[in-house]
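The structure appears below as C-alpha cells.
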Amino acid sequence: MRPVITFGLIGGGWRATFYLRIAAMLPHRFRVSGILLRHPEKYEELLAKWNVAVYRSADELARDSDFLVLAVSKNGVPAWLSELSQAGIPVLAETPPATNLTEFDQLTAIASSDARIQVAEQYPLQPHHQARTACLQSGAIGDVHHVQVSAGHGYHGVSLIRKWLAIDPAQSCEIIGSRFSMPIGDVPYRDQTVPDDREGEEVQEIAIFRFSSGKSAVLDFSRSQYFSQIRANRILIRGTLGEIRDNALVRKTGPGLFESLSLERVQNGQEGSLSPLSLLEIRAGANVLYRNPFSPYPLSDEEIGIADALVKMDTYLRQGVSFYSLTEALADVRLALAMERSFTEVKPVEVGFIAK
C-alpha cells in the first residue's frame with residue numbers, strides 16, 4: 001500500500017482550495033499537514049470549511065510535511081522560492097514562477113543551485129493532453145513539426161507547445177504576436193455569476209512561433225475559454241504520418257492505407273453504471289492512451305493534473321526523477337515573456353539561443 005503523501009500549503013487563495021479539495025477527496029493518498037498564512041484572520045471561512053491547522057513559520061510547517069506547496073499570488077512566488085531554497089525546504093510551486101525579466105534572472109540563479117524545486121504545471125498532466133502525448137510517443141503520427149494550441153493562456157499554452165514539439169529549453173525562436181478585442185456575451189468567472197443579458201469584452205491573443213530547429217507553432221487563446229460554454233478549446237498536432245485534431249486521430253498505416261480513430265473518454269457512473277462518476281481511461285480504438293490513477297474518485301481534469309503533480313513531486317523526492325524542473329518552467333516563462341512583448345510592441349521578437 002502506498003504511503004500517504006503529506007504536504008503543507010503556503011497561501012489560502014483560489015488555487016490553494018484545489019489542493020485542499022483533492023486531499024479531502026483522497027485521504028488515502030494525500031494529507032494536508034497545515035497551511036501557512038501571514039494573515040489568518042482574512043481566511044476564517046476557508047479555515048472553518050477545511051478544518052486545517054494554521055502555521056506561522058515555513059520551517060515549522062516543513063518539519064511536519066514531506067514538502068510544501070507554494071500557492072501564493074504570482075508576484076509573491078520569487079521571494080518565497082528564494083527563502084525556501086535557502087532554507088533547504090523542498091517545494092512544489094504553483095505557476096507561473098516569474099512575471100518579468102528581473103524575477104526571471106532571480107529564479108534562474110535559484111534553478112542553477114541544488115534547490116529541490118519542481119513546478120506544478122498541470123496542463124501537460126491533464127488526461128486528454130497526456131493521452132495526446134502518449135500517442136505522439138508511440139510514433140503513431142511520425143515526427144511532429146507543427147502544433148496549434150488553443151487550450152491555455154501564455155505560459156500554459158507554451159508548455160504544451162514545447163512538450164509536443166520536443167523543444168530544447170535553450171533553443172532560439174522568433175515570435176510574431178497580435179492581440180485583438182471583441183464583444184462577447186459575458187460568462188461566469190470562477191465561482192461568480194453574471195446577468196445573462198450583460199455584454200462584455202474578450203481579448204484574443206494569437207502568436208506564431210518559429211523555432212531554430214525548423215519546427216513551428218501557433219498559440220491562439222481567449223481567457224473566456226476557461227469558463228465559457230460558447231468558447232471551446234482546440235488542438236492540432238501535425239506529424240509526418242498523420243495528425244491529431246482535438247480528439248480525432250488520422251494517420252498513414254502503409255502505402256495508400258490510412259486509419260481514422262477517435263480519442264474516446266471512458267467514464268464510470270453513467271447510464272446503468274453503479275460506479276461513482278469518474279474518468280476511467282482515454283483510448284484510441286483498442287489502445288489505452290491514458291488510465292486515470294485516481295479512479296473512481298470524481299475529480300475534474302484540472303484536479304487530476306494537480307493530483308498527478310503531487311504524486312510526481314513525491315517520486316522526485318524519493319527517486320530523484322524530475323518531472324518539471326524550475327529550469328524547464330523558466331524556459332516556458334522566457335518564451336511567454338517574449339510573446340507578451342510581441343503583443344505589446346506589435347512587432348516580431350527574437351529569443352536567442354542559450355549556451356549550456
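The values are calculated or read from the model by the stated rules, or taken from the named source; none is laboratory data. Keep in mind it's a predicted model, so treat the numbers as computed, not measured. Heads up, the Cβs are rebuilt from the backbone with ideal geometry, glycines too, and the neighbour counts pull from every protein chain shown. Surface accessibility is based on the protein's heavy atoms, side chains included, excluding ligands, DNA and RNA. Shrake-Rupley method; radii C 1.70, N 1.55, O 1.52, S 1.80 Å.
Near I110, once Lys and Arg are set to +1 and Asp and Glu to -1 for all other residues with Cβ below 12 Å from its Cβ, the sum equals -3.
Protein-only accessible surface at a 1.4 angstrom probe places the residues W14, W50, W164 in the order W14, W50, W164, largest first.
Approximating the spin labels as points 7 Å out from Cα along Cα→Cβ, the E174-to-H39 distance works out to 4.8 nm. Partner lysines whose Cα lies under 25 Å from the Cα of K347, excluding those fewer than 8 positions away in the same chain, are identified as K215.
Taking a straight Cα-Cα cut-off under 12 Å and skipping sequence neighbours fewer than 8 places away in the same chain, the aspartates and glutamates within cross-link reach of K74 are E94, E103.
Highest mean packing first, where packing is the average number of other Cβ atoms within 10 Å per residue, the peptides 53-63, 247-257 line up as 53-63, 247-257.
Rounded to whole numbers, the Karplus 3J(HN,Hα) couplings from phi for segment 120-126 are 7, 7, 7, 4, x, 9, 5 Hz, using 6.51 cos²θ - 1.76 cosθ + 1.60 with θ = phi - 60°, and x at Gly and Pro.
Based on the convex hull around the alpha carbon atoms, segment 210-297 presents an average projected area of 9.4 nm². In this label model, N247 and S82 are separated by 4.6 nm, measuring between points 7 Å along each Cα→Cβ vector.
Converting phi to 3J(HN,Hα) with the Karplus coefficients 6.51, -1.76 and 1.60 and the offset θ = phi - 60°, segment 59-76 yields 4, 5, 5, 5, 5, 9, 9, 6, 6, 10, 9, 8, 10, 9, 4, 4, 6, x Hz in sequence order, with x at every glycine or proline. Please state the shape class of segment 1-139: rounded when a/c is under 1.5, otherwise prolate if a/b exceeds b/c and oblate if not, all from the C-alpha gyration tensor. The shape class here is oblate. Between the beta carbons of D143 and T108, assuming R0 = 25 Å, the FRET efficiency works out to 0.20 to the nearest 0.05.
Span-like helix check, the chain: qualifying full DSSP H segments, with Cα axial length of 27 Å or more and mean Kyte-Doolittle of -1.0 or more, are 326-345.
For L37, the amide hydrogen comes within under 5 Å of the amide hydrogens of Y55, counting only partners 5 or more places away or on other chains and with H modelled in the peptide plane. Taking K and R as +1 and D and E as -1, what net charge do the other residues with C-beta under 11 Å from the C-beta of R265 add up to? Within the 11 Å Cβ shell, the charges total -2. Once neighbouring chains are kept in place and the probe is 1.4 Å, which whole percent of the accessible area of segment 42-111 is contributed by carbon and sulfur? The nonpolar share, carbon plus sulfur, comes to 45 percent. Coupling constants for segment 220-230 follow from the phi torsions by the Karplus curve (6.51 cos²θ - 1.76 cosθ + 1.60, θ = phi - 60°), and in residue order they are 9, 8, 10, 5, 5, 4, 5, 10, 8, 7, 10 Hz; glycine and proline get x.
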